[in-house]
């Protein structure tokens, strides 16, 4: 199965997303199509497996990046999330294509939406516990911010695997401005990490 997924990633990066098919993957992986179908029912199943793999890696990257912050504020959290995605895209260019072009089925869209909602809820809980957001801040605020980050990254990487830094910087300023409307004074000024890092719940736990 590992060889099949690796072959699929190579096709996505070296050719294009439209070139990804079960037959093309089987040929590149040097396995019979029948063998591929033992693991994956169709093209969408391959895409879903690749997205799940990248999402798991990104969740680990996000957890480590948040825990490593020296100061917590709505700005530092927005910045660290964007930076974690940029680092992930740099390490795995296939993630750019899969994330922004791979949402090709209702099942994949639903899984991506569930993950976004889960992360928004975890950041919401953390920010409230840390005193960064006003106590009455609805989780919807973080859901909107999460979707905004996704949109900014889409725009930044639409035509370039390296990403457009101007779009990223402008997007962060827009998102921070929105979040600061719901932030406490410490949430704007920043809070030391000394007693906050332990409150971060890693995605999926």
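Is there a residue in segment 74-84 that is free of Cβ contacts under 8 Å to residues at least 24 places away in the same chain, in a helix (DSSP H, G or I), within 21 Å of residue 152 (Cα to Cα) and assigned by TED's automatic domain parsing to the domain that holds residue 131? Within segment 74-84, one or more residues are free of Cβ contacts under 8 Å to residues at least 24 places away in the same chain, in a helix (DSSP H, G or I), within 21 Å of residue 152 (Cα to Cα) and assigned by TED's automatic domain parsing to the domain that holds residue 131.
No other residue among 71, 63 is surrounded by fewer than 14 Cβ atoms within 10 Å (Cβ to Cβ) and in the same structural domain as residue 152 (by TED's automatic domain parsing) apart from 71. Give the residue that is surrounded by the most Cβ atoms within 10 Å (Cβ to Cβ), with candidates limited to residues of segment 169-200 that are more than 15 Å from residue 74 (Cα to Cα) and modelled with pLDDT under 95. Filtering first and then ranking leaves 199.
The values are calculated or read from the model by the stated rules, or taken from the named source; none is laboratory data. All of these numbers come straight from a predicted model, not from anything done at the bench. For neighbour counting, all protein chains shown are included, and Cβ atoms are generated from backbone atoms with ideal geometry for every residue, glycine included.
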